[in-house]
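What follows is a single structure, written as structure tokens, with notes after it.
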């Protein structure tokens with residue numbers, strides 16, 4: 001083989017992948033299994049491997065290897081892998097190891113304390129931990145900004161959504177702000193007249209779990225290569241070869257956990273179906289967080305909230321909870337697509353959800369750029385919730401700025417991906433329908449496979465082979481186009 | 001501080017401890033959670049961290065640091081830590097990194113395949129994997145023998161039981177062989193006349209789990225610092241700060257899983273109560289595997305099979321399974337102390353258990369020393385089972401040489417520790433009774449705390465502060481004395 005530098009990079013990537021495997025499983029375990037007294041040691045252990053991975057990723061040999069590999073005779077896929085390897089190297093190299101470890105430790109501590117502070121509505125207790133996380137995040141943003149020439153917030157967002165900039169998010173979200181409040185009002189008025197039968201609980205957790213597993217099977221999750229467990233904040237972790245999803249159950253709200261499971265299953269199938277021939281190489285990774293969300297939302301919103309899916313859910317609901325008047329397809333569909341401004345992002349319907357994201361984007365951007373401080377968050381939160389959704393959240397930190405895990409862990413710049421993902425998901429389904437005019441009748445007939453096949457061949461199997469805009473064009477014929485999201489909402493809710 | 005070399009060793013030990021934390025949790029996860037398709041990647045990841053830990057543990061700086069630290073002004077505990085650090089360094093340094101990784105990989109593969117091969121009684125499928133493990137084990141034994149001047153088997157056993165030699169095991173086991181078969185016969189004859197009421201199953205797994213948790217609480221396990229889960233082969237893993245125990249349930253055999261839980265709780269409490277002031281340093285580790293087994297057997301056999309404990313079990317059995325004629329203290333005690341030669345080591349009573357260990361010790365010693373090959377194992381197993389317990393196991397690999405996880409993972413030299421542990425446990429309780437003549441009446445009154453206090457202060461809190469023989473003398477006034485085990489069995493079963 002005539003590409004020794006590329007081969008050396010390949011071997012180094014594979015080693016990082018193997019060590020990151022341990023990190024991923026232990027991070028999942030922390031959320032899903034770990035007892036309280038294990039936290040201090042786990043935090044130290046995760047900080048140690050964070051530091052070690054950073055040390056390996058910033059070895060001085062990388063730049064020379066990257067440059068020499070660029071001169072070697074590489075195929076297109078190898079060249080894409082080289083591009084992604086260079087991106088990963090740049091990202092790692094922007095930060096000194098002490099900052100990486102300090103950030104990991106501060107995030108672990110803040111997240112762990114938050115688990116008991118949130119139910120206690122203890123903003124005062126949470127604040128010092130959050131301040132430390134924000135302080136380190138600003139240091140990180142500054143260093144990444146210097147390394148990339150981007151603004152501080154853009155430099156953070158680029159870690160989750162390569163190529164996306166706050167200016168474009170503002171443009172897209174600004175347009176959204178224009179029509180969203182009106183749409184919410186119209187939909188609420190229209191739904192006010194609908195007859196709706198609520199399911200009668202309580203819904204025992206073991207039966208909810210069993211139902212969730214059945215729905216995951218329906219959605220094609222491979223249980224030989226992953227699991228579903230519980231955690232305070234649902235997420236999809238682990239590694240592509242062993243996907244660890246979590247959810248949480250509310251015995252009074254059957255559909256919340258169920259649609260959470262549908263959502264995470266979208267993430268899970270993306271990971272399980274990433275290209276295996278490049279396993280352990282950056283080119284095999286999921287393309288970006290917005291694309292990841294486009295998969296969870298393809299499952300939850302496009303497919304899972306499609307009237308055809310409610311028909312498939314009914315027999316499973318009846319199997320696990322017995323017959324109820326509420327378990328009738330049209331009623332289940334109305335329950336799933338019920339629009340109601342609420343306090344909690346992860347429980348929000350797809351129409352009000354973008355309001356939660358716009359709020360978080362505006363606050364976290366100002367926070368990272370140093371325009372506001374942590375103690376300013378509650379007032380801003382209250383004001384924006386009132387403005388966007390007409391809700392008063394004063395004094396309710398638990399269901400306000402303490403509801404999400406992202407900031408506790410220092411994941412600033414992630415939130416826009418949710419709504420960008422919703423837009424991409426609508427774009428994928430618009431493309432599917434252009435290519436197959438029978439898609440909806442197939443879904444009505446219970447055939448979900450065409451959707452999975454499209455997503456697998458266009459998105460999952462591509463990994464990080466292409467930059468996001470090119471991937472979107474190859475998959476759907478155009479780069480991000482928010483018009484599809486608008487059309488989807490108007491068609492589903494006001495047609 | 002005037003001990004820079006010692007401080008550097010301390011920091012290096014702490015780093016190894018943090019990385020080994022990830023390894024321990026991921027190894028537990030593999031047994032308790034991991035789906036089948038995750039195994040190949042997990043094996044690679046664990047081999048990578050094995051290799052990395054080995055690389056760190058064999059850094060050329062260690063010998064110089066160890067020598068310089070020995071000249072520094074250290075306290076007794078620091079000096080003990082230095083002794084244990086040197087022992088760990090010697091053990092790590094005996095093996096080249098390639099062998100460490102190859103051994104880890106071969107063990108992972110063999111263990112994983114064994115999980116389905118064992119239920120299928122597939123000795124032919126198991127054999128090639130086992131051969132590879134044995135081949136690498138012999139390489140390891142040879143290198144450790146060269147490094148220590150010990151025989152090959154002694155060099156392996158020394159990893160689990162520092163200071164113990166096959167010659168002493170043979171002496172002790174040889175004496176045991178003299179009186180054990182006669183005792184088994186006598187006890188079986190005597191028990192043949194006893195009236196015994198069997199509990200009526202099936203015993204649903206969730207209720208067994210809940211019962212197990214109650215018994216763990218009774219035995220003082222700290223659930224804020226550990227968990228109990230399920231795996232094919234029960235074990236106690238994790239880290240002292242977060243102990244991960246596992247068990248397995250048989251819906252037709254209530255007491256098997258229950259006494260397994262009692263056993264693992266002994267291991268768990270030892271780990272949870274190791275000296276925290278030296279956390280992460282070798283001197284804080286459990287002293288040896290025989291001492292570890294002496295704790296699990298103090299719980300299972302000395303305490304858990306004491307007539308006073310049966311009285312405490314009865315209300316818990318009734319709570320979880322309702323009243324049954326079998327749930328009467330004297331009957332429960334007879335069930336727990338029932339002696340019956342059987343095929344399965346982990347289900348064996350304390351009287352026949354040593355026979356299983358003698359058999360394994362004799363086979364594994366010959367295997368490691370190259371006197372026999374893997375294909376000879378079944379015939380030897382059959383012959384020894386017939387000789388020691390009068391049982392025919394021909395063709396039954398599943399309940400014969402494939403029943404244990406130890407050899408699949410390459411843990412040769414461990415088995416003697418079980419019976420040495422039983423002997424130490426009897427020795428501890430003999431010492432407790434010498435010091436407190438009221439011990440048995442206290443236990444009858446439901447006071448378990450005196451036992452926990454004795455074990456905590458004499459064994460748990462000592463960690464690896466003393467060599468095993470010295471620890472035994474400090475705790476009980478004498479080094480290993482098998483007479484206590486014999487006296488215990490004769491007194492419990494023939495008095």
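Of note:
- Label-point spacing at residue B:146 relative to the other copies reads 5.1 nm, in ascending order, each point sitting 7 Å out from Cα along Cα→Cβ.
- Inter-chain shielding of A:319-325 (mean C-beta neighbours from other protein chains, 10 Å cut-off): 0
- Ranked by how many other beta carbons lie within 10 Å on average, peptides A:355-366, A:436-447, A:273-284, A:85-96 from highest: A:355-366, A:273-284, A:85-96, A:436-447
- In terms of overall dimensions, the C-alpha atoms belonging to region B:287-371 reach 55, 30, 19 Å along their principal axes, ordered largest to smallest.
- Spatially, region A:303-382 and region A:146-180 are offset by 23 Å when compared through their Cα centroids.
- Point-to-point label distance, residue B:490-residue B:387, nm (Cα→Cβ direction, 7 Å offset): 2.5 nm
- Per residue, the average separation of C-alpha pairs within less than 8 Å and at least 6 apart gives region B:4-122 a relative contact order of 39 percent.
- Working note: Cα atoms of the protein assembly as shown, range along each principal axis, descending, whole Å: 90, 67, 56.
- For residues of A:25-38, the mean tally of beta carbons on other chains within 10 Å: 6
- Calculated diffusion of region B:240-280, Stokes-Einstein form, Kirkwood radius summed over Cα pairs, 20 °C and 1.002 mPa s, µm²/s: 186 µm²/s
- Compared with the dominant Cα axis of chain A, that is its longest principal axis, helix A:307-321 is turned about 80°.
- Chain B residue with Cβ closest to the axis mapping B onto A, distance in whole Å: B:22, 2
- Among the residues of A:11-19, the average count of other protein chain beta-carbon atoms within 10 Å of the residue beta-carbon is 3.
- Sorted from nearest, the other copies put their residue B:224 label points 4.4 nm away, the label point being 7 Å from Cα in the direction of Cβ.
- Region B:157-237: C-alpha gyration tensor shape, a/c 1.5 cut-off, then a/b vs b/c: oblate
- Taking the longest Cα principal axis of chain A as reference, the axis of helix A:61-70 is set at about 80 degrees.
- Alpha-carbon centroids, region A:248-268 and region B:112-128: separation in whole Å: 38 Å
- Normalised convex hull volume, region B:144-186, alpha-carbon set, Å³ per residue: 68 Å³
- Cα shape, region A:167-494, gyration tensor, a/c 1.5 rule: rounded
- Spin-label model, residue A:207/residue B:189: points 7 Å from Cα along the beta carbon direction are separated by 6.0 nm.
- On Cα atoms only, tilt of B:4-32 relative to the major axis of chain B in degrees: 40 degrees
- Taking chain B and dividing mean pair separation by its residue count, relative contact order in percent (alpha carbons under 8 Å, at least six apart): 19 percent
- With the biggest extent put first, the Cα atoms of region B:335-478 measure 51, 37, 22 Å across the principal axes.
- Rounded Å value of the spacing that divides the Cα centres of region B:1-75 and region A:201-242: 34 Å
- Between copies, the label points of residue A:122, set 7 Å from Cα on the Cα→Cβ line, lie 5.2 nm apart, reported in increasing order to one decimal in nanometres.
- The label point for residue A:371 and the one for residue B:447, both projected 7 Å from the Cα toward the Cβ, are 7.0 nm apart.
- Placing a label point 7 Å from the Cα of residue A:97 along the Cα-to-Cβ direction, the residues of region B:58-79 whose backbone N falls under 19 Å of that point are B:58-62.
Each value in this text was obtained by applying a stated rule to the coordinates, not by laboratory testing. Since this is a predicted model, take the numbers as computed values, not measurements. Here Cβ is always computed from backbone atoms with ideal geometry, including for glycine, and neighbour counts include all displayed protein chains.
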